[in-house]
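The structure appears right after this line, and notes come after that.
The values are calculated or read from the model by the stated rules, or taken from the named source; none is laboratory data. Remember, it's a predicted structure, so these values are computed and weren't measured experimentally. Note that each Cβ is placed from the backbone with ideal geometry, even for glycine, and that neighbours are counted across all protein chains shown.
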Number of protein chains: 2
Amino acid sequence: MARIALDAMGGDHAPVETVAGAVASGVDVVLVGDEAQLAPLVGDSGLPIVHAEDVIDMADDPAKALREKRRSSIAVAAQLVADGEVDGMVSAGSTGAVMAASAMIIGRLEGVSRPAIAAVIPAGERGKIVLDAGANPDVTTKHLVQFAIMGSALAETRLGIVEPTVGLLNIGHEPGKGRDQERAAHDALEKAPINFIGNVEGYEIVADQPDVIVTDGFTGNVALKTSEATSRFVMAAIKHELGEVLTERPDLAELFAPRLAGLGEKLHPESHGGASLLGVKGVVTIAHGSSSRAVMANVLRMTVAEAERHLLDRIRAGLQA
Amino acid sequence: MARIALDAMGGDHAPVETVAGAVASGVDVVLVGDEAQLAPLVGDSGLPIVHAEDVIDMADDPAKALREKRRSSIAVAAQLVADGEVDGMVSAGSTGAVMAASAMIIGRLEGVSRPAIAAVIPAGERGKIVLDAGANPDVTTKHLVQFAIMGSALAETRLGIVEPTVGLLNIGHEPGKGRDQERAAHDALEKAPINFIGNVEGYEIVADQPDVIVTDGFTGNVALKTSEATSRFVMAAIKHELGEVLTERPDLAELFAPRLAGLGEKLHPESHGGASLLGVKGVVTIAHGSSSRAVMANVLRMTVAEAERHLLDRIRAGLQA
């Protein structure tokens, strides 16, 4: 079984929820963080602790904090990956610090120009991968092709999809649409070792196809935040309407409460296992800061499954094809 | 009262719904299209018809069709604007053809480098303007500043907001965030004669503030389509859940049907009056292709109100400030 380092100090509810999630996950986890705080939480699970005395705060400048706090839980977890002690790491802490630690400590996979953040969002039967979610606001054609290869590998290991379809996010379906960036990428993606289906539009972020949407980190970041906010906005509007009905008819509350809760869980991406940092020499997952123990357990299971399904080898193979 | 030319042949339900919408609107409308088809629909409303024998199809190449079909309803309506016969025009036909006709026949306002499409979306109490929605995938700092000025003018005339707040769509709130394009635009917008509140993120497309979101036509197009599709996706998921409840409890249907219908109308942008083409010498509205007579009547009332509230003068004043 693959082994995963968990930044036990990262996230809004750390370390209580991170440790509880690790215990519940059944995954071979190494907890990284302040031993004095973690030891009492481990209970009889026997999970090992690697002590790290510092914590990088969400408000810290990521690269600066990483240099100054050499014994931060994120840096120590990344070092375990770099040393081959574990196959990957999970953190619900600062995305910027995880990216910086991945670049500076873990290192890029051979041939990868730019690591990218891949978001996994609820759409269709099996979910959908969108990358880059914000790591690279400016990209070249080469970067976009690598994102497509890495995203396809993740769709295989995370979503279990064989030959996942890949679309290029654009403002129309025809090959000539978009900016120079999209026109060049469209041609290059047609020749890449992936199942490229052409341009897709913003509408398709919630469609069944494609399984993977490739774009630059500026557009991806805006599209993902727009989609998440719109989903919450509509859910809030519905809850408002339903609340008015239930004020008149409190007897109906039992009928709707479980359905609304189920829907919220289905539609909100933080329950889907977090975002992956692709292109570094380890399986790295960035969990939502608000992750509960149940979400954290899910994220750890997802991450170990990616490692065991050989995410890195698949990316290497794709880049060499 | 201002007078508006209506492309009576444009849209999925033309000319029946376009003419019915014009009749219902109470607006001083000039119908443009095939007289033989329109005359029987006008009834005793007395609405004038300007004959146009051609129609530009949604599948046509817009610029080519505009050149070849000189007597298309869109071209003739645009000519009425150019000749000062009317103050503006409305079309539910091809967006590309309306843009081409505006550029070639109506012409740009003095000082405007690039006309932009401004979408009006349901968010907050009063709605929100997002531009550019797709006319200009590539932009300069100057274009973005002009979009901000034009969008502010539209927020005043369409939404009735005094000193509307303007935000720059970006991937973080801090001034240094984004691409070179956003960093330069942020500085320029701080000096522009608008109520600039700084960078906003994708989340804020459904927030109360700002009233106007400025971005390039690539990002804007993706964000708007993403938001619209996500809204429909969540509504469909809710209707699915509700459908299951109502199968068990058909007695509750009456309780929910009007609320769901009201919510759909509130959340879906096509009932909010269409998109505005800003920066040309006339008030030009592009209605949704699926517009019903009720929506068309609303679009005509909105358009005439913009003209009467001196949208063009406000844009001119902003550009000269």
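Does residue A:44 count as outside any helix (DSSP H, G or I) and modelled with pLDDT under 95?
It is false that residue A:44 is outside any helix (DSSP H, G or I) and modelled with pLDDT under 95.
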Those residues that are assigned to a loop (DSSP other than H, G, I, E, B) and within 17 Å of the chain's Cα centre (by Cα), I need them from the range A:95-135; list them, please. A:114, A:115, A:122, A:123, A:126, A:127, A:132, A:133, A:134, A:135
Within the range B:1-34, count every residue that is more than 18 Å from the chain's Cα centre (by Cα), in a loop (DSSP other than H, G, I, E, B) and among the acidic types (Asp, Glu). 1
Taking the criterion of being β-branched (Val, Ile, Thr) and either assigned by TED's automatic domain parsing to the domain that holds residue A:84 or surrounded by 24 or more Cβ atoms within 10 Å (Cβ to Cβ) (or both), would at least one residue in the range A:158-181 satisfy it? yes
Which one of these does residue B:170 not meet: (1) modelled with pLDDT under 95; (2) within 18 Å of residue A:220 (Cβ to Cβ)? (1)
Would you mind telling me which numbered condition in (1) crowded, with 19+ Cβ neighbours inside 10 Å; (2) under 28 Å from residue A:100 (Cα atoms) residue A:138 fails? (1)
I need the full set of residues from the range B:137-161 which are under 12 Å from residue B:214 (Cα atoms) and part of a loop (DSSP other than H, G, I, E, B), in order please. B:139
Do any helices (runs of 4 or more DSSP H) entirely within the range B:171-288 hold 2 or more residues that are touching a Ser or Thr at 6+ places or on another chain (Cβ under 6 Å) and either in contact (Cβ under 8 Å) with a residue 24 or more places away in the chain or within 7 Å of another protein chain (Cβ to nearest Cβ) (or both), and if so, which? B:180-191, B:217-248
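Would you pick out the residues in the range A:83-110 that are of a type outside the set (A, V, I, L, M, F, W, C) and buried (at least 24 other Cβ atoms within 10 Å of the Cβ)?
Scanning the range A:83-110 gives A:88, A:91, A:93, A:94, A:102.
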Report yes if residue B:153 is surrounded by 24 or more Cβ atoms within 10 Å (Cβ to Cβ), within 14 Å of chain A (Cβ to nearest Cβ) and under 19 Å from the mean Cα position of the chain (by Cα), otherwise no. no
The range A:132-150: number of residues that are under 15 Å from residue A:276 (Cβ atoms) and touching a Leu at 6+ places or on another chain (Cβ under 9 Å): 9
Report yes if some residue within the range B:239-247 is crowded, with 18+ Cβ neighbours inside 10 Å and of a type in the set (Ser, Thr, Tyr); otherwise report no. no
On the basis of being at pLDDT below 95 and farther than 23 Å from residue A:122 by Cβ, does residue A:313 make the cut? no
How many residues does the range B:48-62 contain that are closer than 20 Å to residue B:281 by Cβ and touching a residue at least 40 places away in the same chain (Cβ under 8 Å)? 1
Do we find that residue A:70 is closer than 26 Å to residue A:318 by Cβ and either at pLDDT 95 or above or in a loop (DSSP other than H, G, I, E, B) (or both) in this structure? no
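Hey, could you check the range B:156-170 for residues that are touching a residue at least 40 places away in the same chain (Cβ under 8 Å) and away from every other protein chain (no Cβ under 14 Å) and say which is nearest to the chain's Cα centre (by Cα)?
Here is the first cut: in the range B:156-170, the ones touching a residue at least 40 places away in the same chain (Cβ under 8 Å) are B:156-159, B:161, B:164-169.
With away from every other protein chain (no Cβ under 14 Å) added as a condition, the list becomes B:156-159, B:161, B:164-166.
Working: B:156: 15, B:157: 13, B:158: 10, B:159: 12, B:161: 17, B:164: 18, B:165: 19, B:166: 18 Å.
Out of the qualifying residues, it is B:158.
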Out of B:301, B:316, sole residue that is over 17 Å from the mean Cα position of the chain (by Cα) and either within 14 Å of chain A (Cβ to nearest Cβ) or assigned to a helix (DSSP H, G or I) (or both): B:316
Assess whether residue A:63 counts as being among the aliphatic types (A, V, I, L, M), assigned to a helix (DSSP H, G or I) and surrounded by fewer than 22 Cβ atoms within 10 Å (Cβ to Cβ). yes
Does at least one position in the range B:290-298 carry a residue that is outside any helix (DSSP H, G or I), in contact with a strand residue (DSSP E or B) (Cβ under 7 Å, 6 or more places away or on another chain) and either within 7 Å of chain A (Cβ to nearest Cβ) or not basic (Lys, Arg) (or both)? no
